[in-house]
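Down below is the structure, laid out as structure tokens.
The values are calculated or read from the model by the stated rules, or taken from the named source; none is laboratory data. Quantities reported herein were computed from a predicted structural model and do not represent experimental measurements. Ligands, DNA and RNA are excluded from the accessible area calculation, which covers all protein heavy atoms including side chains. Shrake-Rupley method; radii C 1.70, N 1.55, O 1.52, S 1.80 Å.
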Amino acid sequence: MENYEINSSTLAIIPLDKNKSKVYEENDEYIIEKSTNNIIKENCTFYGSSYEGRCIGTKYLTGIKSKFPIIIEESRNLIFFPTNSIRNDESIWIALNKIKNYKKTRYNSQLLFNNDQKLDLKISYYSLENQICRATILKSKLYEIKYNNKVKENL
């Protein structure tokens, strides 16, 4: 498969090699002939913004300057965060709203998604928790903007 549209069922996008990724959905898996970063960038464009614009927006809203989360699409709350630097093609991208829980394993960490699917990650528990917190800050800022706009519309 060459193209993939991130949607409300997308759980994670995992690199298999430099130009191939595996996408996990709630009830399916796909092999995409693109890097994880290219899938993220193309979906930003598909949903009406540039990747660079999304990065600038995240930095502006949160002050986060590295390993920052990205809003792929606002109305569906499609917020993804990377496990490594966004410049790293080996970064896994994870859907914030699909996380049920996470825990420390013997050496790394594990995610539990809402559908009870597990994903072992080769990053520290602290790093995972930090990334989840950053993505939650972005989500909070997005809700704040939406709420303020609704209040203004009702005045």
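What the Cα atoms of the range 1-89 give is an Rg and a Dmax of 12.5, 36 Å. Ligands, DNA and RNA left out, the accessible area of the chain computed with a 1.4 Å probe is 47% carbon and sulfur. Note that the range 1-120 presents 52 Å² accessible area per residue, ligands and nucleic acids not counted, probe 1.4 Å. Against the chain, whose longest principal axis comes from its Cα atoms, helix 125-154 is set at around 30 degrees. Compared with the dominant Cα axis of the chain, that is its longest principal axis, helix 36-46 is turned about 30°.
At a threshold of 8 angstrom on Cα-Cα distance, excluding pairs fewer than six apart, so keeping six or more, what relative contact order does the chain reach in percent?
Numbers: 267 pairs, mean separation 27.6, N = 155.
Dividing the mean separation by the residue count of the chain yields 18 percent.
Principal-axis analysis of the Cα atoms of the chain puts helix 51-62 at an angle of about 70° to the longest axis.
Take the cross-link list Lys22/Lys67; Lys20/Lys65; Lys65/Lys141; Lys20/Lys139; Lys41/Lys67; Lys20/Lys98 and give me the ones stretching past 18 Å between alpha-carbons.
Values: Lys22/Lys67 21 Å; Lys20/Lys65 27 Å; Lys65/Lys141 16 Å; Lys20/Lys139 29 Å; Lys41/Lys67 15 Å; Lys20/Lys98 23 Å.
Distance filter (> 18 Å) returns Lys22/Lys67; Lys20/Lys65; Lys20/Lys139; Lys20/Lys98.
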